[in-house]
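Right, I'll just put the structure down here and ask away after.
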Amino acid sequence: DKREMNLMFVVKEAPRVYVESVTINGNTRTRDEVIRREFRLAEGDAFNSVKVKRSRDRIQSLGFFQEKLEVKQAPGTAPDKVALQVDVEERPTGSLQLSAGFSSLERFIFSFSIEERNFRGRAQQLRLSANISQFQRSVEAGFTEPYLFDRNLAAGFDIFRRDFNNFNFTTTGQRNTTFEQVTTGFQFRVGTAITEFWQAQLRYGFSIDDVTLDEDQFFSPDPVTGELECDPLKAGRFLCDTVGRATISSIGYSLVNDTLDNRLRPSAGQRFILSQDFAGLGGSVKYLRTRVNYDRYWRLP
């Protein structure tokens, strides 16, 4: 008569369900442990749908498998057990890039890079790149082991050499190098997970920087000693201060908060990075450099 009704909600706790098994199919190249260590659930753990989704996101973030990857759930051998299964489809993880060009100023330009993100099926990263032109030449190589000694500890190194020069042409048409910079160095880095979404990284780098200027164009004799010295009126104070050999020995750290749903193609979550590098552990250069990066992603309707 009053157009009213009573509603009663009956809530009962469901029996706790446990993970009976985790099965992985389709990985012909990637080792089984590479995928299993991304799972947030193991056999015997209480089932948690949030951790299942997180496991899927972490596996997709490897970038080794198909875009739409799902972790399937099936009944176990008992009512309180569930079986998890993921069917992966591997895709190429290496890349090779070659490019060549020509310009009237730099003449021939050549660039080469090769990268493998799943070296030997262990999720190791290996890269090598080179760039050659009249102005600059550089060679860089790097290697990263994501699970050192089968522990949640990433380690890697980078080595590089970069040559850069500037020149002009004399009245006779000959090339005259006016500025040259040669940098050679390396860096070691280690990282580990603090929590599920926080990571810490440490690194040490060392490099040698050699800068030379054309003495005929930028140097003048000292009025007292008569020796040739870089003239700030001709080259500028900045260039004169950098002439010669400088050694840089630096140590740094990074704190990373990463909640992205996919590291390669994120559509939700955030990434915050705080980095600091201090140069002065030996060497001739001292500085403190701080960087802050923040990315936020939203899924568009």
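If you take the Cα atoms of segment 256-301, find Rg, then find the Kirkwood Rh from the mean of 1/r over all pairs, what is Rg/Rh?
My calculation puts Rg/Rh at 1.26.
In whole Å, largest first, what are the principal axis extents of the Cα atoms in segment 181-249?
Its Cα atoms span 65, 19, 18 Å along the three principal axes.
Grab the beta carbon distance between PHE102 and VAL224, set R0 = 45 Å, and tell me the FRET efficiency rounded to 0.05.
Given R0 = 45 Å and the Cβ-Cβ separation, E is 0.35.
Please report, in Å, the Rg and the Dmax of the chain, where both are computed over Cα atoms only.
For the chain, the Cα radius of gyration and maximum Cα-Cα distance read 28.6, 113 Å.
While we're on this one: Quick check: convex hull of the Cα atoms in segment 211-261, volume per residue, rounded to a whole Å³? Each step should come with its number before you reach the end.
Working: hull volume 8.0 nm³, N = 51.
Dividing the Cα hull volume of segment 211-261 by its residue count gives 158 Å³.
Can I ask one more? Ignoring ligands, DNA and RNA, what accessible area per residue does segment 155-215 give at 1.4 Å, in Å²? Spell out each step's value before the answer.
Numbers: 3590 Å² over 61 residues.
Result: 59 Å² per residue.
At a Förster distance of 41 Å, what's the computed FRET efficiency of LYS12 paired with ALA42, Cβ-Cβ distance as r, to 0.05?
With a Förster radius of 41 Å, E is 0.90.
For the chain, how many pairs of lysine residues have a Cα-Cα distance under 28 Å, where the two are 8 or more positions apart or belong to different chains?
For the chain, the number of qualifying lysine pairs is 13.
Given the peptides 98-107, 4-13, 74-83, arrange them by the average over their residues of other C-beta atoms within 10 Å, most packed first.
So the order, starting with the most tightly packed, is 74-83, 98-107, 4-13.
Quick one: pull the percent of accessible area on segment 168-301 belonging to carbon and sulfur, 1.4 Å probe, ligands and nucleic acids left out.
57 percent
How would you order 294-300, 138-144 from highest to lowest mean count of nearby Cβ atoms within 10 Å?
138-144, 294-300
Using the C-alpha atoms of segment 3-87, what convex hull volume per residue, in cubic angstrom, is computed?
Roughly 138 Å³ of hull volume per residue.
Which angle from 0 to 90°, rounded to the nearest 10, does the C-alpha axis of helix 49-61 make with the longest principal axis of the chain?
30 degrees
The values are calculated or read from the model by the stated rules, or taken from the named source; none is laboratory data. Values in this document were obtained by computation on a predicted structure and should not be read as measured data. All Cβ positions, glycine included, derive from the backbone under ideal geometry; neighbour counts span all protein chains shown. Surface areas here come from the heavy atoms of the whole protein model, side chains and all, with no ligands, DNA or RNA. Shrake-Rupley method; radii C 1.70, N 1.55, O 1.52, S 1.80 Å.
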